[in-house]
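The values are calculated or read from the model by the stated rules, or taken from the named source; none is laboratory data. All figures in this text were calculated on a predicted structure; none of them were measured in a lab. Positions of Cβ are generated from backbone atoms using ideal geometry, with glycine treated the same way; all protein chains shown enter the neighbour counts. When the accessible area is computed, the model is the full protein with side chains, heavy atoms only, and any ligands, DNA or RNA have been set aside. Shrake-Rupley method; radii C 1.70, N 1.55, O 1.52, S 1.80 Å.
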Amino acid sequence: IVTTSGDNTVRVWDAATGVCVSTLIKGNTDFMLSASYSPDGTRIVTTSGDNTVRVWDAATGVCVSTLIKGNTDFMLSASYSPDGTRIVTTSGD
């Protein structure tokens, strides 16, 4: 399970135990709005009030990519395509 928070973090939880197993914080400068896993479970895509979309390695918690071009307002949500090759986003602008 992956959740977002107003404290600028994304947390990964063990679904069986309810224990937080990872906290993704590097680079986020505003509240986090959404997070979702890639279809194969290897990546997490997040959106933020700092107008960014970030892609994280789900196993290590390392940010592997930051998408910031073209958006002038906060990013509302992001999801992977069913085959995992594309990310669709929504924004306040």
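GLY41 - would you say it is over 27 Å from ASP73 (Cα atoms) and within 13 Å of the chain's Cα centre (by Cα)?
Details: over 27 Å from ASP73 (Cα atoms): yes; within 13 Å of the chain's Cα centre (by Cα): yes.
Here the answer is yes, as GLY41 does meet what is asked.
Quickly run through region 50-87 and pick out the residues that are more than 14 Å from the chain's Cα centre (by Cα) and surrounded by 11 or more Cβ atoms within 10 Å (Cβ to Cβ).
Hits for region 50-87 are ASN71, SER81, GLY84.
Scan region 1-49 residue by residue and report those that are open to solvent by 70 Å² or more (accessible area, probe 1.4 Å), touching a residue at least 12 places away in the same chain (Cβ under 8 Å) and part of a strand (DSSP E or B).
TRP13, TYR37, ARG43
Any idea which of (1) open to solvent by 30 Å² or more (accessible area, probe 1.4 Å); (2) part of a strand (DSSP E or B); (3) at pLDDT 90 or above is the one THR90 doesn't satisfy?
(3)
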